[in-house]
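Okay, structure first, notes after.
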Amino acid sequence: MGTKIKNIILLQGVVVIYTLSGIMSKNASANGAYPVKFLTFFALEFLLLAVYAVLWQQMIKRFELSVAYANRSMAVLWSMLWAVLFFHDEITVKNIIGVVLVTAGTVIINTDVQSEEGEGRQ
């Protein structure tokens, strides 16, 4: 596996951390009447966002900013997955179409960057 692919996987891991903070946020708001649960979920959200901020800084050192932000758009996919797994939300056809478009755009940008790097080395 090439270094670029590994970096993209790492970048997606950072995006996953970001989307997990949303789960903590939703759980915190759902437990507003229970101070201990609310503060626990709020603290976890804050912790995840802090970890995300540090890791994001490392990712933008490895990627052009436009590529990093294009990959961040995959948060739509991860958020939809978490909504189904943790909150039993239903996926609609519009959701699927939207995620397919976002994923296709991200793949195109990553493929384009890889091909530009390959051309630059020759």
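The figures follow:
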quantity	calculated
Sum of -39500 (n - 2.57) over DSSP H runs of 4+, divided by residues of the chain (222 nm, nearest 500)	-30000 deg cm²/dmol
Semi-axis lengths, Å, the chain, gyration tensor of Cα atoms, sqrt of 5 times eigenvalues	32, 19, 9
Shape of the stretch 1-55, Cα gyration tensor, a/c cut at 1.5	prolate
Cα-centre dipole for the chain with unit charges at Cβ (Lys and Arg positive, Asp and Glu negative), debye to 20	260 debye
Cross-link partners of LYS4 among lysines (Cα-Cα below 30 Å; sequence separation of 8 or more within a chain)	LYS61
Stretch gain in nm, segment GLN57-LYS37, where the contour uses 0.36 nm per residue and the Cα spacing is subtracted	4.2 nm
Length-normalised contact order for the chain - Cα pairs under 8 Å, 6+ apart - percent	27 percent
Within a Gaussian network of the chain (alpha carbon springs, distance under 10 Å), most fluctuating of ALA30, ALA68, ALA83	ALA30
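Any read-out appearing in this document is the output of simple, stated calculations on the displayed coordinates, not a laboratory observation. Keep in mind it's a predicted model, so treat the numbers as computed, not measured. Here Cβ is always computed from backbone atoms with ideal geometry, including for glycine, and neighbour counts include all displayed protein chains.
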